[in-house]
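Please read the structure below before turning to the comments.
The values are calculated or read from the model by the stated rules, or taken from the named source; none is laboratory data. Owing to the predicted nature of the structure, the values given are computational and were not obtained by experimental measurement. When we count neighbours, we look across all protein chains shown, and the Cβ atoms used for this are built from the backbone with ideal geometry, even at glycine.
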């Protein structure tokens, strides 16, 4: 990334930062909810529970952001104007890696990637902003994401790696033609 692009995406107002954080946390929670619900429908309650717990954390963080934004006028940001590295909210769990038979270790790996990306976003804002209050908030949010990464590491240690034939289904769902 060139310095010009980095400067163009720099977040120097508290309102702009909180608007980004609110969207990031809401999209993360929505994604985790969608995955958790899908896993529940596919009778994978353990993986569903993991994602629904992550959804709960995302909703709590969105509430914290809303509280920080009390009295502020957060800007409306069109989706294409967010300062996301690749156009996607950093903490969005990747739906293309989902499988109805996935095991907890795989679900946790997806969540870990999303949490690391969120940490990198907040740490990047903290490192690039010229506003001391934005830097303070971004560092605080990055620390929270680091805690999530640590917690996920503990969860990952509790689950064995996915079986070699984890996706074998003798009676897979059929799509009507």
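So here's what we get for this one:
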item: Of residues in region 42-74 being in contact (Cβ under 8 Å) with a residue 40 or more places away in the chain and farther than 24 Å from residue 147 by Cβ, the one surrounded by the most Cβ atoms within 10 Å (Cβ to Cβ); result: 44
item: Flag for residue 29 being out of contact with any strand residue (DSSP E or B) (no Cβ under 9 Å at 6 or more places or on another chain) and surrounded by fewer than 19 Cβ atoms within 10 Å (Cβ to Cβ); result: no
item: Condition met for residue 90 (closer than 20 Å to residue 18 by Cα and surrounded by fewer than 20 Cβ atoms within 10 Å (Cβ to Cβ)); result: no
item: Breaking point among (1) touching a helix residue (DSSP H, G or I) at 6+ places or on another chain (Cβ under 6 Å); (2) at pLDDT below 80, for residue 84; result: (1)
item: Scope region 1-25; condition modelled with pLDDT of 60 or more, assigned to a helix (DSSP H, G or I) and over 16 Å from residue 72 (Cα atoms); matching residues; result: 24, 25
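Matching residues to (1) buried (at least 20 other Cβ atoms within 10 Å of the Cβ); (2) in a loop (DSSP other than H, G, I, E, B); (3) modelled with pLDDT of 85 or more:
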site: 117; (1), (2), (3): yes, no, yes
site: 122; (1), (2), (3): yes, no, yes
site: 125; (1), (2), (3): yes, no, yes
site: 133; (1), (2), (3): no, no, yes
site: 143; (1), (2), (3): no, no, yes
site: 153; (1), (2), (3): no, no, yes
site: 162; (1), (2), (3): no, yes, no
